[in-house]
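Undergrad: I have a structure I would like to understand better, so I am pasting it below and will then ask my questions one at a time.
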Amino acid sequence: MTEDNEVFAVLFGFLGPAEVANTCIVGTQETILVGGTITAERLAEARAPWVNERVTREVSTGALFTLLEAEGMLEGRSVAVVADASAAPQLGEVADLLRGRGIEPVLEIATSAQVSDLIAQNQEWAALSERIRAAGANTLLLVGNASAGIENAALNGLEVDIWATDASGLGSNIGNNVNPESARGVITVNAMTGAQIFETDPRFKECLDAFNARHPDIEVKHPDTLEEGEPLWYNGLSAHCRFFQLFELLATAAGPNLTHETFAEAIAGIGEFSIAGQPYASLGPDKLSSNDSFQLLEQDPDRGARGELVPIGPLRDATP
């Protein structure tokens, strides 16, 4: 793709098992990438500018604590921090972020059972639940995939509030092994919900109007009104809109002489801006992920087929 078509930049990037190919784009092929997941290890291989619209777990967790503190919800907390096996490398970072807010975790541990092994998960959590109870925790902070922690907290009668660093496994994406009622009241942090974007975001409306003008025969429905089997036009449009707008802003800032060097200068100097779904966004020399928009969200099992995340606080610019 990049060699045969002389591509200047790739938008969106690869996801899932193919995500490793993103380093080939910015590394071997020396092609600009707007998308993918940036890590320090992958960035070290890059020989072309690379930005995305995501945030790392460390950034989103810091935003979670910032918003909880703003709402006075950190006071009086005895927090047990539990990471699933995939998030074990971030356990120490998350615990340190909590210490930075003046809270020393009463327990800090990573589980070893794999997400797919429900029997092993349940056995491990039966013992872990007793340790959480004995530590006197009134709050359980789940790092990574929250499904096992949510369901086993309920199964083992843990009377704790639950916070989750990762919103991706909540809302309608809650694990099939979780009783939706078990997740009632779980708090996490994320950017705007699909309903908020569709109903109130002027930057998304720009994309929606352009799409409707080009495809008058296609109805882009409100994400909360979709029935099973209907095409997910909103999902694709809202995501692609962010990438196009981010590239457009940077290419414009780079000026008429569009090169890797001017694009990199644009990234370093563009500062604050807004794109679809991210009213607060910014980039800089050491900030390559745009999103700064965060709000507290709570799992409500009474919404949708298996529950939805609903805002419980204002949307804020929650990163430095």
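Undergrad: Could you put F247, F263 in order of accessible surface area, largest first, with the 1.4 Å probe and the full protein assembly present?
TA: F247, F263
Undergrad: May I ask you to rank C241, C207, C24 by accessible area, largest first, using a 1.4 Å probe over the protein chains only?
TA: The most accessible residue leads, giving C24, C207, C241.
Undergrad: So if R0 is 56 Å, what FRET efficiency would E261 and N176 give, r being the distance between their Cβ atoms, rounded to the nearest 0.05?
TA: 0.70
Undergrad: Quick query: amide H of T139 versus all other amide H atoms, modeled in the peptide plane; which residues come in under 5 Å with a sequence gap of 5 or more or a different chain?
TA: S78, A80, D161
Undergrad: To the nearest 0.05, how large is the calculated FRET efficiency for R101 and L232 if R₀ is 41 Å and r is the Cβ-Cβ distance?
TA: Given R0 = 41 Å and the Cβ-Cβ separation, E is 0.60.
Undergrad: Which cysteines does the chain leave without a neighbouring Cys Cβ under 4.7 Å?
TA: Here C24 come out as lacking a disulfide-compatible partner, given the Cβ-Cβ threshold of under 4.7 Å.
Undergrad: Mind checking the per residue accessible area of region 180-313 for me, 1.4 Å probe, whole number of Å²?
TA: Solvent-accessible surface per residue comes out at 51 Å².
Undergrad: Of E199, E227, E248, which has the largest mean-square fluctuation in a 10 Å C-alpha GNM of the chain?
TA: Its mean-square fluctuation being the largest, the pick is E227.
Undergrad: Right, next: Could you state, as a whole-number percent, how many of the C-alpha pairs of the chain are farther apart than 25 Å?
TA: 55
Undergrad: Further, regarding this structure: Is the C-alpha gyration tensor of region 19-156 telling us rounded, prolate or oblate? Criteria: a/c under 1.5 is rounded; beyond that, a/b larger than b/c is prolate, otherwise oblate.
TA: Oblate is the answer for region 19-156, as a/c is 1.5 or above yet b/c matches or exceeds a/b.
Undergrad: Further question on the same structure: Test of understanding: what is the full-extension gain from N156 to E6, defined as 0.36 nm times their sequence separation minus their Cα-Cα distance?
TA: That works out to 48.2 nm of additional length.
Undergrad: With a Cα-only, solvent-free Debye model of region 217-304, what are the log10 I(q)/I(0) values at q = 0.25 Å⁻¹?
TA: -1.22
Undergrad: Choose one of G175, A88, L158: the residue whose Cα lies farthest towards the positive end of the charge dipole of the chain (beta-carbon charges +1 Lys, Arg; -1 Asp, Glu; about the Cα centre).
TA: Value: L158.
Undergrad: What percent do you get for the relative contact order of the chain when only Cα pairs under 8 Å and 6+ apart count?
TA: Computed value for the chain: 16 percent relative contact order.
Undergrad: I've got another one for you. Roughly how many whole Å is it from the C-alpha centroid of region 197-238 to that of region 84-162?
TA: 38
Undergrad: Calculate what fraction, in whole %, of the accessible area of the chain sits on carbon and sulfur atoms when a 1.4 Å probe is rolled over the protein chains.
TA: 50
Undergrad: Whole number in Å², please: accessible area per residue of region 1-117, 1.4 Å probe, ligands, DNA and RNA not counted.
TA: Accessible surface, normalised per residue, equals 48 Å².
Undergrad: Let a ≥ b ≥ c be the square roots of the eigenvalues of the Cα gyration tensor of region 121-173; is it rounded (a/c under 1.5), or, if not, prolate (a/b larger than b/c) or oblate?
TA: Note, shape of region 121-173 comes out prolate.
The values are calculated or read from the model by the stated rules, or taken from the named source; none is laboratory data. Nothing here was measured: the structure is a model prediction, and the numbers come from that model. Heads up, the Cβs are rebuilt from the backbone with ideal geometry, glycines too, and the neighbour counts pull from every protein chain shown. Note: accessible area is taken over every heavy atom of the protein model, side chains too, but ligands, DNA and RNA are not part of it. Shrake-Rupley method; radii C 1.70, N 1.55, O 1.52, S 1.80 Å.
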